[in-house]
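Before any comments, here is the structure.
The values are calculated or read from the model by the stated rules, or taken from the named source; none is laboratory data. What you are looking at is a predicted structure, and each value in this text was computed from that prediction instead of being measured. Glycine also receives a Cβ, built like all others from the backbone with ideal geometry; neighbour counts cover every protein chain displayed.
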Amino acid sequence: MRKFKEFIIEKLILFSGLASIFFVVLIFLFLLKEGLAVFKTVGFFDFLLGKKWYPISEPARLGILPLILGSLLVTLGAALISIPIGVGCAVYIAEVAPLKIKEILKAGIELLAAIPSVVLGFIGMVTLVPWVKHMFKIPTGLTALSGSIMLAFMAMPTIVSIAEDALYSVPKAYKEGALALGATHWQAIYRVIVPAASPGIMAAVMLGLGRVIGETMAVMMITGNAAVIPRSILEPVRTLTATIAAEMGEAVVGSEHYFALFAVGIVLFVISFAINVGADLFLHKENK
Amino acid sequence: MRNSKQRQKIAFFLLFLATLLIVIPVGLIVVIIIQKGLPAINWQFLSDMPRKGMRAGGIFPAIVGTLYLVTGAIIFALPIGLFAAIYLSEYAKENFLTRVIKLAIVNLAGVPSVVYGLFGLALFVVFFKFGASILSGSLTLGIMILPIIITASREALESVPQSFREVSLSLGASKWQTIKNIVLPNAIPGILTGTILGLGRAAGETAPILFTVAAFYLPRLPASVFDQAMALPYHLYVISTQVPNVDEKIRYGTALVLLAMVLFMNLIAIIIRYQFRKKKKW
Amino acid sequence: MVKVKIETHDLNVWFGSVQAISRLNLEVYENEILSVIGPANSGKTTFLRALNRMNDLNPNYKMSGLVEMDRKDVSGLDVELLRRRVGMVFALPLPLPLSIFDNVAYGVRMHGMRGGQKLSRVVKESLKQAYLWDEVKGRLDESAFKLSGGQQQRLCIARTLAVEPEVILFDEPCSGLDPISTSKVEDAMVKLKEKYTIVLVTNNVKQAARVGDRTAFFLSSELIEVDKTEKIFTAPDDSRTDGYIRGKFG
C-alpha cells in the first residue's frame, strides 16, 4: 500500500519535472496556432519587412518593420547605457566595495529588481518624460530615448547580479597570482579577473537585454507609441511588446489583426528563446 | 608605479560612480513615491470603491483582485514548482533530459511577460473558454512564476546535506520517506522565500493579466473565479494613461500601495532567509 | 561450526573507470566482529557500502560478482528491507536535525511503528544498549545537535539498533572522537556482537586489534589477507600486512 502511494507520488514528481518542457512547448504551439493564420493573407517577408503597420485600416497593412526597428532602437539605447554602468557596478560590488557597503548595494539592486514595471513606467512618465522634453526642447518627451533610459534601469539588476556572480566565482588564486607579480588591484581586475569572468558577463548582458526586449508596460507608457520607422532617438517609437499590449484589447478574436498580434508574439518568443539559449551556452562554457 | 596607482584611483572612482548611478535613482524613486503617495493613503482609500470615473474614492477592488490573482497563481504554481524542484534535486540524473528541462526553465523565465498574456488569452480565455476571468489570469501568472519557484526550491533542496539523505536511507527509509521527512522540512525556509518572491512578481505584473482577467472598472467585487477582476498594477496603468485628469495624489497613492505590497513580500522573504541562516544547524 | 552471515563472490566494483574493489571473496561470520583495515582508498568503505547497497546512490557505480546474505543475493532483495537488516554507523556523528527521541525513533517510524508506549520502549532500549540512556534520559526532546561528539555517535548507534538489524556496519566510527568517547563506543561494540554481526572499517590499527575477532587487510582495492586478529597482528602471511600494521604505509 505504501509502495503504491509512493509509486504514484514519484510519477507525479516526474511529470512535474517535465512540466517546464511541456509549458514552453505549449506556449510556442499556441502562439503558432493563433499566429500562423496571419500568413494566409500576408506574405512572410511582407510581414517582417513591411514598412507600414495600419492594422485597422481597410485593407489592413501588417508590416512590422517599424515595430522591430522601434524595439531595436530602444534596446540599443538601453544597451549603451546599461552595459557600462551595470558591468561597472558589478565590478565595484564584487571587487572594490567594502563588505558592509556591498550588502547594502546588493539590497539596493534587489530592490530595483522588485519594483513592478508599471510603477517604473509611471515614475518615468511623471519625472523622466518632462525632463527629456525640457532638456532637448522637443514637442514631446515620450521618445525612444526616454524608453531607453528607463529600460536601462530595468536591465541593470539582471546584468549586475549575474555579472557579479561571474566575477565572484573567478578563483581567488588568479587574483593573488596577479597581485604577487606586482600588479595593482585595478590591473588584476581588468587584466585577469574580468577576462576570466567574461563568458558570465556576456551571459549577463544577453539576459539583461532579453529583459529589455521583452519589457512591456514601462515601454508602452513612455515611448509615445508611434508605429512609424524611427528617424531619431528623440522621436516617439513603438516596440513589438507595446504593440501587443496596446492593441490586443481592441482586436476581435479570430480577426486578421488578432492573428497578426500573435505573429508578433512568435517573433518575440523566438528572440527571447535565442537569447536565453545563447546565454545558457555562455554560462555553461564558464562552468567548464 | 605611481602612474598605475593613479590610474587605479580613477578607475575605482568611475566604478563607484556607475554604482551611484544605479543606487541613487532607486532610492529617489522609492522616496518620491512614498512622499507623494503617503498623503493619499487613508482607510477610505484602501477600503472604498473607485468613484467619479476613478478620479475619487478608493482602490479596494483592485487590492482584492490582486490578492485573488496572487493566491490563485500560487495554488497552481507551488505544487508543480515544488515537485519539479524535487525531481531536479532528488531524482534527475545528469543526462540529456535533465539538460533540456533546465533549458526549458531558463526559457520559461525569459519569455516576455506580454507573450504570457497572449498565451493565456489563446489557451485559457479562448481555447478552454474560461473567458477573461480570475481563473485565466491566475493560471497565466502561475505559469509565469513557475521558474522562480522551481529555481529557489531546488537551491533550497540541494543545500540540505547529502549525509542526511544517506542516514535516512541507511535506516531503511524509502526515497520518498527520506524526502518527506528529512529533505523537505529542512528546505522549507528556502522554498518559502522563493514562493514569496514569486508572489511579489505575480502581484506586480501587468502585461500577463491585460487580456486574461483585468477589468478597466468594476462596480462590484468578483463573486467567482470566472469573474473578471480589477488589479492594482493594471489600475495604476489605467489611471496613469487611460483616464484624463486623475488627481496626481491618487496615482501616487496607488503606486505606493502596489510598491508597498511587493516590497513587503520581498522583505518577508529576506527576513526568512536571514533567520534561517542564523539558525542553521549544520 | 561458525555460520556464514555475509559473503562476497568475485566482487568487482567500479566508480566510473576507477576500480574500487577487485575480485573480492570474503566471508563474515555470524556474531563476530570483523575488522577491516587498510590505507585510504583501499576499498574498505566501498566493501562496507556494498553490503547494504549504499553504493547504489552513486550514479557512476558499477559492479559484478555477488554479495550474499544468508545465502541470498542482496541485489535481489528489497533494498529498504535489506537496509533494515543491515544497519550502518557513519564515520562522522550524523544526527538528523531532530530531537534525541525522534532520531532514535526515526527508523522504526519509517517502518510503520506507531503508538507512543511501544515507541518509547524501543527508544529506551536502544539508548541503553548504546550506553547513552543515563546521559540523555531527562532530555529526550532536546535537539540531537546539543550532544557532544561522542554522545552523538552513540546516538547514531542507538538509532541503528532501534531498527533491530542483524548486521551492523561501522564505517570508521571513531575517527572524529576523543580517546574516552572512542573507548565507550568500542565497549558498546564488543557488547553488541552477542546479538549482532559487526563489520568494522577502521583506520585505527590498534582499534582493530582491540575489538576484532578477525581482521581483513585491504590494499589498493584488493583483499590481501583475512584471519584471526591475533594471527594478523603477530604472524601475518603477507609481508605487506606486516608492513601496514607496523606503520609502513602510514
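Summary table below
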quantity	calculated
Among the residues listed as A:G70, A:G141, A:G121, A:G108, the single one being among the small types (G, A, S), out of contact with any Ser or Thr (no Cβ under 8 Å at 6 or more places or on another chain) and over 24 Å from A:A203 (Cβ atoms)	A:G141
Sole exception among (1) at pLDDT below 90; (2) within 15 Å of the chain's Cα centre (by Cα); (3) not polar (S, T, N, Q) for C:A208, by number	(1)
Enumeration of residues in region B:224-282 that are aliphatic (A, V, I, L, M) and within 12 Å of B:G204 (Cβ to Cβ)	B:A231, B:L232, B:L236, B:A255, B:V257, B:L258, B:L259, B:A260, B:M261, B:V262, B:L263, B:M265
Answer residue from region C:100-128, given it is closer than 30 Å to C:T202 by Cβ and of a type in the set (S, T, N, Q) and is surrounded by the fewest Cβ atoms within 10 Å (Cβ to Cβ) among those	C:S126
Of all residues making up region A:272-282, the number that are touching a helix residue (DSSP H, G or I) at 6+ places or on another chain (Cβ under 6 Å) and of a type in the set (A, V, I, L, M)	2
Filter result for the condition that a residue is within 14 Å of another protein chain (Cβ to nearest Cβ), touching a residue at least 40 places away in the same chain (Cβ under 8 Å) and closer than 30 Å to B:R154 by Cα, over B:A40, B:A77, B:A92	B:A77
Residue, surrounded by the fewest Cβ atoms within 10 Å (Cβ to Cβ), within region C:141-181, restricted to residues that are of a type in the set (G, A, S) and part of a loop (DSSP other than H, G, I, E, B)	C:S148
Any pair with Cβ under 9 angstrom, 6 or more apart, that starts in region B:6-28 at a residue that is closer than 9 Å to A:Y92 by Cβ and ends at one that is surrounded by fewer than 18 Cβ atoms within 10 Å (Cβ to Cβ)	B:F12/A:H185; B:A18/A:P84
Only one of A:G200, A:G208, A:G141, A:G147 that is closer than 18 Å to A:P84 by Cα and either touching a Phe, Trp or Tyr at 6+ places or on another chain (Cβ under 9 Å) or acidic (D, E) (or both)	A:G200
Any chance A:V91 is over 17 Å from B:V26 (Cα atoms), within 7 Å of chain B (Cβ to nearest Cβ) and either surrounded by fewer than 20 Cβ atoms within 10 Å (Cβ to Cβ) or within 23 Å of the chain's Cα centre (by Cα) (or both)	yes
Whichever residue in region C:132-184 is of a type in the set (D, E) and in contact with a strand residue (DSSP E or B) (Cβ under 7 Å, 6 or more places away or on another chain) and, among such residues, is nearest to C:N204 (Cα to Cα)	C:E172
Candidates B:A269, B:A231, filtered to the one that is within 24 Å of B:F124 (Cα to Cα) and either within 15 Å of the chain's Cα centre (by Cα) or at pLDDT 95 or above (or both)	B:A231
Options B:S224, B:S240: the member that is outside any helix (DSSP H, G or I) and either more than 20 Å from B:T193 (Cα to Cα) or within 13 Å of chain A (Cβ to nearest Cβ) (or both)	B:S224
Residues being facing chain B (nearest Cβ under 7 Å) and touching a residue at least 12 places away in the same chain (Cβ under 8 Å) - total across region A:1-32	2
Which numbered condition A:T41 misses (of (1) surrounded by fewer than 20 Cβ atoms within 10 Å (Cβ to Cβ); (2) within 20 Å of A:F259 (Cα to Cα); (3) of a type outside the set (D, E, K, R); (4) within 24 Å of the chain's Cα centre (by Cα))	(4)
Among (1) under 30 Å from B:P208 (Cα atoms); (2) in contact (Cβ under 8 Å) with a residue 12 or more places away in the chain; (3) facing chain A (nearest Cβ under 10 Å) - the single one B:K175 does not satisfy	(1)
Residue in region C:60-81 that is closer than 16 Å to B:F164 by Cβ, among the hydrophobic types (A, V, I, L, M, F, W, C) and in contact (Cβ under 8 Å) with a residue 40 or more places away in the chain present	no
Subset of region A:259-288 [among the small types (G, A, S) and crowded, with 18+ Cβ neighbours inside 10 Å]	A:A260, A:A263, A:G265, A:S272, A:A279
Meets criteria (acidic (D, E) and away from every other protein chain (no Cβ under 12 Å)) for A:E235	yes
Residues (more than 8 Å from every other protein chain (Cβ to nearest Cβ), of a type in the set (V, I, T) and surrounded by 13 or more Cβ atoms within 10 Å (Cβ to Cβ)) located in region B:3-37	B:I34
Out of B:V238, B:V262, B:V257, sole residue that is surrounded by 13 or more Cβ atoms within 10 Å (Cβ to Cβ) and either modelled with pLDDT under 90 or in contact with a Leu (Cβ under 7 Å, 6 or more places away or on another chain) (or both)	B:V257
Residues located in region C:142-160, provided they are charged (D, E, K, R) and either out of contact with any Phe, Trp or Tyr (no Cβ under 7 Å at 6 or more places or on another chain) or more than 12 Å from every other protein chain (Cβ to nearest Cβ) (or both)	C:E142, C:K146, C:R154
Filtered residues of region C:101-134 (kept if within 23 Å of B:W176 (Cα to Cα) and away from chain B (no Cβ under 14 Å))	C:F101, C:R114, C:G115, C:L119
Of all residues making up region A:121-177, the number that are assigned to a loop (DSSP other than H, G, I, E, B) and out of contact with any Leu (no Cβ under 6 Å at 6 or more places or on another chain)	8
Selection count, region B:199-221, where residues are within 9 Å of chain A (Cβ to nearest Cβ) and either part of a helix (DSSP H, G or I) or among the hydroxyl-bearing types (S, T, Y) (or both)	7
Of residues in region A:150-179 being among the aliphatic types (A, V, I, L, M) and more than 14 Å from chain B (Cβ to nearest Cβ), the one nearest to A:V87 (Cα to Cα)	A:A166
Candidate set from region B:47-62 (those that are under 22 Å from the mean Cα position of the chain (by Cα) and closer than 14 Å to B:I250 by Cα); member that is nearest to the other protein chains (Cβ to nearest Cβ)	B:A62
Entirely in region C:21-140, the helices (runs of 4 or more DSSP H) that have 1 or more residues that are modelled with pLDDT under 90	C:116-129
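For (1) of a type in the set (K, R); (2) outside any helix (DSSP H, G or I); (3) over 26 Å from B:A152 (Cα atoms), each residue gets a yes or a no:
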{"residue": "B:I22", "(1), (2), (3)": "no, no, no"}
{"residue": "B:I34", "(1), (2), (3)": "no, no, yes"}
{"residue": "B:G53", "(1), (2), (3)": "no, yes, yes"}
{"residue": "B:A77", "(1), (2), (3)": "no, no, no"}
{"residue": "B:Y87", "(1), (2), (3)": "no, no, no"}
{"residue": "B:K93", "(1), (2), (3)": "yes, yes, no"}
